[in-house]
Amino acid sequence: MSFRRRRKKKDRRRFRGVYLLPNLITSMSLFAGFYAIVASMDGRFYAAAWAILISLILDGLDGRIARMTKSTSGFGVQYDSLADLVAFGVAPGIMAYLWALKDFKQFGWAAAFLFVVCGALRLARFNVQQGSFDPRYFIGLPIPAAAVMVASSVAFYHELGLMGPQGSKFILGLMYVLSFLMVSNIKYISFKKVEMFRRHPFHTLVGLVLIFVVVATAPNIMGFLLMAAYVISGPISTFMYHRREALTPKGEVETPPGKLTGSQGLDLGGGGEAQSRPE
């Protein structure tokens, strides 16, 4: 009996350590977001932008480590969401306001607040809908991507030698657009289950290495361009999808309605459902 009790105590200590690791990484991500706020208040916007980027890396690590060590928990999910709201909602909102939006007065702080509240709504919707949507896509622009878009804009302006573009209508419009995209139903690829990685692993690896080399040559410029491409990819792919959907009925109208029987309709629906489930 004493041996079993000792073993249980060792298991409890081991699991406490495992649960501690992902939450510790989440705390580090939260610290990076808090540092970004402090750096923005001191006028060090470039340092604040890099702090948000570091927070993004840590935010990606905590979830993967939790899944690898099988230490996922409801507490970890909620704590991660709260940390994301600070690091990717409040921090970029304050940074953008102090960096470029102060001259717009009420329109400036309204844009910063709208970014924060839309980010909070995006996180809440993600937590509620988790497990009920296709893991290959995000519904709406993810809040980390929106935050990195703002941070990469700061880095881009820094590369051009413009540390404080006060009164920039581009940044003002960008904040409103990002806020709308976060709460929209536009689909964005999640890169969690990409078939190209399985079908062409060698070519994918070569492509990733080339992207890394290109970004490493000019990280401030290429990072901004890559993030801008990702933000634009959602509306473009959604537009193309709805365009194909709008063109499909025209071809079906040409076929006589009597030719389509009920059994054929059921067969088509069942086939599509069967193909979508294994994904």
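Computed quantities for the displayed model
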{"item": "5 angstrom amide H check on TYR137, placed H, neighbours 5+ away", "result": "SER190"}
{"item": "Counted charge near THR238, where neighbours are those whose Cβ lies closer than 13 Å (Asp, Glu -1; Lys, Arg +1)", "result": "+2"}
{"item": "Summed side-chain charge close to LEU30 - residues other than LEU30 whose Cβ falls under 13 Å, Lys, Arg +1, Asp, Glu -1", "result": "-4"}
{"item": "Accessible surface of TYR241 - all protein chains present, 1.4 Å probe, nearest 10 Å²", "result": "120"}
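The values are calculated or read from the model by the stated rules, or taken from the named source; none is laboratory data. Just so it is clear, the model here is predicted, and its values are computed rather than measured. Cβ atoms come from the backbone with ideal geometry, glycine included; neighbour counts cover every protein chain shown. For the accessible areas, the whole protein counts, side chains as well, though only heavy atoms, and no ligand, DNA or RNA atoms are used. Shrake-Rupley method; radii C 1.70, N 1.55, O 1.52, S 1.80 Å.
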